[in-house]
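First up is the structure itself, then whatever we jot down about it.
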Amino acid sequence: MTTERDHRIDFFRGLALIFIFWDHVPHNPLGQITLRNFGFSDAAEIFVFLAGYAAVLAYGKILARDGFLIACVKILRRAWVLYVVHIFLLAMLMGIVFFANSHVETRDLVEEMGLHHFITNPQQALTDELLLRFKPNLMDPLPLYIVLLAGLPLVLPMLVRKAWAVVAVSLTVYLLAPSFGWNLAAIKDGVWYFNPVTWQLLFVLGGAAAIHGQRPRQVDTRPLLRRPLFVSAAVYVVVTGVITVLWRWPHIHDALMPASLSNLLYPISKTDLSPVRLLHFLALAYVAAKLLPDRGWTRNWLAQQCCRMGRYSLEVFCLGVLLAPLADMVNAMADDAFVMQIFTALVGAGLMGLLGVWLEFNKRLNRVPYVAAV
């Protein structure tokens, strides 16, 4: 595996973090331009796929250099850090939501965020929090990542050698899980909103893509429009985008959508990563990879800010989770005025970008050797 960093991965991770933040602020106008409004998948698929891509790229090199034991220890150490961050983030989120709720009279933000379990049964809620069973709104992606990363040592050695075999097993589990009801337990006899038994396929596919991308292969010189796979993927992306846009006008959607196709598509489950969602993301990722084969476009100023957020995705994600209820509070206090909604959305994204700048500066500062004053 090469050591060169692919800034396209950083860019799309940063973009996904912005989309997640905008999607998590209710009634946010900028949330209307995120991925979920133009296709069956959304930023969550980008986040999980690229998490698998980056994890296998990083720990695959450690596996090759230092062996399985060291790679396993480092993976589990990272999973432990994520677990501690999750507990700390949840505590901060609850404090912010309770504060915001005291300033908003027209809505119950505690109920909307799914925090009444903590109010009605705090002792059980604390236990559920430690067991990753208590996950208020906005918190679902991080526990999913913790579980997927903790399971990586089980598949990493085989993945770097026989990726197709791991993908085949992962696909089999994905197909069987909905039929057998495989999922992890959550509070009140519920299940995880992001079912890790099905979403693991996207994580594994991200890792397999990282392995495949490092191997030499013959360059296809044919124009894109003469490549059947690209054309098929692009057509699927466009068609699903049109269908998603038509959801805004149900009477037009129902008139144009054949009943047989509607029965085949719906419901599009996010919990179990419906096949049409998975296929949409894979088609979109393939089209994007073919349309943006080089990294030169990531050198402009705006793309660099997004890349920087992607390089520090954990910290930026946590900040976005904390900013979302604050933005919602400010919007509600301003009667959800359009200007204020745009303002809070842009300020939130700007603060996430500034955090990336600070973390980058801090990292460089730590590299500068200390010179004692004479």
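The values are calculated or read from the model by the stated rules, or taken from the named source; none is laboratory data. These numbers were taken from a predicted model, which means no experiment stands behind them. Counting neighbours? That spans all protein chains shown, and the Cβs are built from the backbone with ideal geometry, glycine included. Only protein heavy atoms, including side chains, enter the accessible area calculation; ligands, DNA and RNA are left aside. Shrake-Rupley method; radii C 1.70, N 1.55, O 1.52, S 1.80 Å.
Each residue of segment 107-112 is assigned a 3J(HN,Hα), and the resulting list reads 9, 9, 5, 5, 5, 4 Hz, derived from the Karplus form 6.51 cos²θ - 1.76 cosθ + 1.60 (θ = phi - 60°), x at Gly and Pro. Rounded to the nearest 20, the size of the Cβ-charge dipole of segment 1-60 about its Cα centre is 40 debye, with Lys and Arg at +1 and Asp and Glu at -1. Rolling a 1.4 Å probe across the protein heavy atoms gives segment 1-62 an accessible surface of 35 Å² per residue. For the chain, the pair-distance distribution built from all alpha carbon pairs, in bins 20 Å wide starting at 0, is 25, 60, 15, 0, 0 percent.
The label point for H251 and the one for L69, both projected 7 Å from the Cα toward the Cβ, are 7.1 nm apart. A helix-only calculation puts the chain at -23000 deg cm²/dmol for mean residue ellipticity at 222 nm, using -39500 (n - 2.57) for each DSSP H run of at least four residues, averaged over all residues.
Run the reach check for K290 against aspartates and glutamates, Cα to Cα strictly under 16 Å, same-chain hits fewer than 8 apart removed. What comes back? Those aspartates and glutamates meeting the cut-off are D6, D220. Exposed loop sites were defined as trypsin sites (Lys or Arg not before Pro) in DSSP loop states (anything but H, G, I, E or B) carrying at most 14 other C-beta atoms within 10 Å; in the chain the longest segment without such a site runs 249-374.
Label-to-label distance, A91 versus W358, with points set 7 angstrom from Cα along the beta-carbon direction: 1.9 nm. Take the alpha carbon gyration tensor of segment 25-154, find the square roots of its eigenvalues, order them as a ≥ b ≥ c, and report rounded if a/c is under 1.5; if not, report prolate when a/b exceeds b/c, else oblate. Oblate. Within the assembled protein chains, the solvent-accessible surface assigned to M340 is about 60 Å², based on a 1.4 Å probe. For the chain, leaving out every one of the GluC sites (Glu not before Pro) that falls in a DSSP loop and has at most 15 other Cβ atoms within 10 Å, the longest unbroken run is 106-374. Label point of W301 set 7 angstrom out along Cα-Cβ; within segment 326-354, amide nitrogens under 15 Å from it belong to 354.
Note on K270: aspartates and glutamates with a C-alpha under 17 Å away, same-chain residues under 8 apart excluded, are D23, D42, E45, D140. Hydrodynamic analysis of segment 127-187 uses the Kirkwood radius over alpha carbon pairs. Inserted into Stokes-Einstein at 37 °C and 0.692 mPa s, it gives a translational diffusion coefficient of 243 µm²/s.
Only protein atoms count toward the accessible area here, which uses a 1.4 Å probe; on the chain, the carbon and sulfur part of that area reaches 67 percent. Taking chymotrypsin sites (Phe, Trp or Tyr not before Pro) in DSSP loop conformation with at most 12 other Cβ atoms inside 10 Å as exposed sites, the chain has its longest uninterrupted site-free stretch at 1-246.
What accessible area per residue comes out for segment 141-194, rounded to a whole number of Å², with a 1.4 Å probe? Kindly include the intermediate steps, with their values, before the conclusion.
Values: 2910 Å² over 54 residues.
With the other protein chains kept in place, segment 141-194 gives 54 Å² per residue.
Residue-wise HN-Hα couplings along segment 150-157, as the Karplus relation 6.51 cos²θ - 1.76 cosθ + 1.60 with θ = phi - 60° gives them from phi, are 5, x, 4, x, 6, 10, 4, x Hz; Gly and Pro carry x. Full extension of the segment from R77 to V238, taken as 0.36 nm per residue of separation minus the current Cα-Cα distance, would add 53.8 nm. Between E111 and A337, the distance separating the two model label sites (each 7 Å from Cα on the Cα→Cβ line) works out to 2.8 nm.
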